[in-house]
Amino acid sequence: MYGANVGVLLQVLWAQLLLGWARASELTFELPDNAKQCFYEEITIGTKCTLEFQVVTGGHYDVDCRLEDPEGTVLYKEMKKQYDSFTFTAAKNGSYKFCFSNEFSTFTHKTVYFDFQVGEDPPLFPSENRVTALTQMESACVSIHEALKSVIDYQTHFRLREAQGRSRAEDLNTRVAFWSIGEAVILLIVSIGQVVLLRSFFSDRKTTTTRVGS
């Protein structure tokens, strides 16, 4: 029984090493105004890939995104998107380019997050030359592995939502603060104007008399 458990654990560790075949590029970067940032990834033909991005902070939370194959053919192009996901299968070998553009913005920089998945995760327990069903421990390992992957995805999305919500709250707080200061200044000016106007109504006016000589 102990030997079987050790074998299962070794299979799990081997499967984790195989996960290196499925590459993933995950990055959060600053995109200044009037700027464009491109990234490159070497992909072999027949590989399934997924590009997912989201604007975390800045302006209206939108950027332009463009994906091209090694020959320059546009596979994906969207203008002023806040977030999106695109899945494709590579039809050619070579370097694929995907760019994020903030050139339409004149003074607002953005913070952009993207996750570029290349390839698919191999099964935790390969089924080649397998004639028996998964054991109870193997089934539990597969379930835990899938659950942990889901937890990682949910945590990433919740962190992005939290960062975006915090940015919106800070921006709203700044606007409310400036609006309050403006209202206070206007109220002060109006109050001073009213006081001056009322004093002018009750102030003594010097009257001048003109004598008409005979």
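Each residue of the stretch 73-89 is assigned a 3J(HN,Hα), and the resulting list reads 6, 7, 8, 8, 8, 9, 10, 6, 9, 7, 7, 5, 9, 9, 10, 8, 10 Hz, derived from the Karplus form 6.51 cos²θ - 1.76 cosθ + 1.60 (θ = phi - 60°), x at Gly and Pro. Amide hydrogen proximity for Asp62: with H placed 1.01 Å from N in the peptide plane, no residue at 5 or more positions away or on another chain lies under 5 Å.
In order along the stretch 194-203, phi translates into HN-Hα couplings of 5, 4, 4, 5, 5, 5, 5, 6, 9, 6 Hz, rounded to whole numbers, per the Karplus curve 6.51 cos²θ - 1.76 cosθ + 1.60 with θ = phi - 60° and x for Gly and Pro.
About the centre of its Cα atoms, the stretch 30-73 shows a dipole size close to 80 debye [charges on the beta carbon of Lys, Arg (+1) and Asp, Glu (-1) only; nearest 20 debye].
Taking a straight Cα-Cα cut-off under 29 Å and skipping sequence neighbours fewer than 8 places away in the same chain, the lysines within cross-link reach of Lys97 are Lys36, Lys48, Lys77, Lys80, Lys81, Lys110, Lys149. A protection proxy built from the mean count of other Cβ atoms within 10 Å ranks the segments 78-85, 96-103, most packed first, as 96-103, 78-85. In sequence order, the stretch 167-178 has phi-based couplings of 5, 4, 5, 5, 5, 5, 4, 5, 5, 5, 5, 5 Hz under the Karplus curve 6.51 cos²θ - 1.76 cosθ + 1.60, θ = phi - 60°, and Gly or Pro positions carry x.
Values in this text are rule-based calculations from the coordinates and carry no lab data. These numbers were taken from a predicted model, which means no experiment stands behind them. Quick reminder, even Gly has a Cβ in these numbers, built from the backbone with ideal geometry, and neighbours come from all protein chains shown.
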